[in-house]
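Structure first, commentary second.
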Amino acid sequence: MMTFSLPVVWTVELAAVMLSIAGSFWIAKRHIRRYAVLYAFSAVTGIVLCLAFVYAGFYSFPVKLVPYTPIPLVEMATVIPFFVLFGVKYSPESWAWKLPFYFAMVQLIMLFELVALVSPLPLIDYKEQWDVWDSYTAWWLYLLFFEWMGGKIVPQKARSPLAASSFRYGRWGWMIVHAIAMTTVFLAGVYAGWNIK
């Protein structure tokens, strides 16, 4: 099983890296300097935090694209900054609508993390001091911190905030947020039940 699954896992990780690089270039193409600063800051911060958590014994990464590093360095330097750039570029102007926007992002990130956690070849392995709630909280703090920092680094003219009206009842943003919420909350319940069992 391992000889079959490992190339599949690497392929998925490499696809995530390539899509993140392409997405980051797409977002930053008209204001490359501002977004490059935000990208570099978020990548370095993510790498330092991840290293600190690994050395503190919170979690480990059994499978990585670069196997001899303590953290998935390539993934941390590409996928995580893409989420930051995406959030800063497209989050609505009002905090009343930023929160559901980031809620949907965090829920999707946690879905990917839980899939990585329970897959036959786990990409992440939680230790006793860490659990899903810790990770969920950390993602909220990380993304909201960079939303705040992004407002200082990237001027408003370089952002493309989604219209608040898109998140009102029955509109496309409302449907996407609720679809993500219902799907991920259901899957979180399945995961919790699985662990209890």
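Only DSSP H runs of four or more residues enter the estimate; each adds -39500 (n - 2.57), and after division by the residues of the chain the mean residue ellipticity at 222 nm equals -24000 deg cm²/dmol.
Specify the angular offset, from 0 to 90 degrees and rounded to the nearest 10, of the alpha carbon long axis of helix 132-153 from the longest principal axis of the alpha carbons in the chain. The helix 132-153 is inclined about 30 degrees to the chain. Whenever you get a sec, compute what percent of the accessible area on the range 4-193 sits on carbon and sulfur atoms (1.4 Å probe). Of all accessible area on the range 4-193, carbon and sulfur atoms account for 74 percent. Once you treat every alpha carbon in the chain as an equal point and sum by Debye, what is log10 I(q)/I(0) at q = 0.17 Å⁻¹? Taking Cα atoms of the chain as identical point scatterers yields -1.27. For the range 4-193, the solvent-accessible area of protein heavy atoms averages 54 Å² per residue (probe radius 1.4 Å; ligands and nucleic acids excluded).
Number of Lys-Lys pairs in the chain with C-alpha atoms under 25 Å apart and a separation of 8 or more places or on different chains: 11. In the chain the longest region clear of chymotrypsin sites (Phe, Trp or Tyr not before Pro) that are loop-assigned by DSSP and have at most 10 other C-beta atoms within 10 Å covers 69-168. Computed from Cα positions, the angle between helix 2-28 and the longest principal axis of the chain comes to roughly 10 degrees.
Distance between the modelled labels on residue 26 and residue 12, one decimal in nanometres: 2.1 nm (7 Å Cα→Cβ projection).
The values are calculated or read from the model by the stated rules, or taken from the named source; none is laboratory data. Please read all numbers here as calculations on a predicted model, not as lab measurements. For neighbour counting, all protein chains shown are included, and Cβ atoms are generated from backbone atoms with ideal geometry for every residue, glycine included. In case anyone asks, the SASA skips ligands and DNA or RNA and just uses the protein heavy atoms, side chains included. Shrake-Rupley method; radii C 1.70, N 1.55, O 1.52, S 1.80 Å.
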